[in-house]
Amino acid sequence: MTAYEEQEDLDRLKAWWKNYGNSVIFGILLGVVILVGFRYWTQHTEQQLHAAAGLYERMFQDIHGKKSGDARKTGESLINEYSATPYAGMAGLMLARLDFEAGDVAKARERLQWVLEHADDAAVKHAARLRLARIHLGSGDKEAALALLNIKDRAGFEAEYEELKGDVFVAQGQREAARSAYREALKHLPAGSPYAPMLNMKLDDLGPEKAS
């Protein structure tokens with residue numbers, strides 16, 4: 001390569017850098033910011049999960065130690081400070097149970113509604129929905145209970161939904177609809193399930209099936 005060609009290449013490089021240099025620098029800086037931000041977010045998320053897990057464990061121990069007051073305080077702190085973690089939904093379920101056992105049905109209903117709206121874990125949401133439906137049924141609001149149970153995505157909880165639907169139908173005096181729901185629940189139970197005898201008892205309580 002001659003000195004002229006080298007100078008020509010250098011001039012092209014200078015011209016390119018003049019036109020695109022700022023964009024290159026910005027791209028590099030943006031990449032660094034994104035990488036640092038991602039690492040910070042990952043570390044922050046792990047810290048949040050670790051702290052929430054510790055509070056949940058403490059709440060669990062308080063409940064088993066019959067320290068409901070301490071369990072409430074811990075659960076409230078968990079939900080207020082770490083609502084974005086999966087542990088918040090589980091804490092909400094336990095707080096709702098404490099409220100219900102204390103006779104505060106309205107508060108239990110409020111807690112379960114919060115879990116239903118904010119929890120990310122499907123199993124936690126199903127648990128909240130089923131418990132909320134039971135509370136509505138126990139309060140005499142059969143239509144509200146049925147509305148909660150009539151959903152399509154019930155994967156893994158079909159038996160629980162169908163059994164509770166059967167209970168609602170019994171309360172409404174719809175014996176044949178209840179019979180159908182209990183039978184559907186039995187279909188979804190695994191072989192040898194300890195819940196099968198109870199469902200069969202509910203079927204027996206309905207009396208003889210109407211002749212078609």
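Nothing in this text is a laboratory measurement; each read-out follows from the coordinates by a stated rule. Keep in mind it's a predicted model, so treat the numbers as computed, not measured. FYI the Cβ positions are ideal-geometry reconstructions off the backbone, even for glycines, and counts take in every protein chain you see.
Points to keep in mind about this one:
- Under 12 Å from K210, Cα to Cα: aspartates and glutamates that are on another chain or at least 8 residues apart: E176
- Counted by neighbouring Cβ atoms within 10 Å, the residues I79, I63 run from fewest to most as I63, I79.
- Each label point was placed 7 Å from the Cα along the Cα-to-Cβ direction; for A84 and K152 their separation is 3.1 nm.
- Restricting region 144-174 to trypsin sites (Lys or Arg not before Pro) that sit in a DSSP loop and have at most 12 other Cβ atoms within 10 Å of their own Cβ leaves K152.
- Gain on full extension, evaluated as 0.36 nm per residue between N200 and K67 minus their Cα-Cα distance, stands at 44.1 nm.
- Scaled radius of gyration (Cα, divided by 2.2 N^0.38 Å) that region 130-212 gives: 1.06
- For M59, M201, order by how many other beta-carbon atoms lie within 10 Å, fewest first: M201, M59
- Along region 56-66 the Karplus relation, 6.51 cos²θ - 1.76 cosθ + 1.60 evaluated at θ = phi - 60°, assigns HN-Hα couplings of 5, 4, 5, 4, 4, 5, 5, 5, 5, x, 6 Hz to successive residues, with x for each Gly and Pro.
- Cross-link partners of K152 among lysines (Cα-Cα below 18 Å; sequence separation of 8 or more within a chain): K125, K165, K187
- Sequence-separation-based contact order of region 115-202, relative, with Cα cut under 8 Å and 6+ spacing, percent: 20 percent
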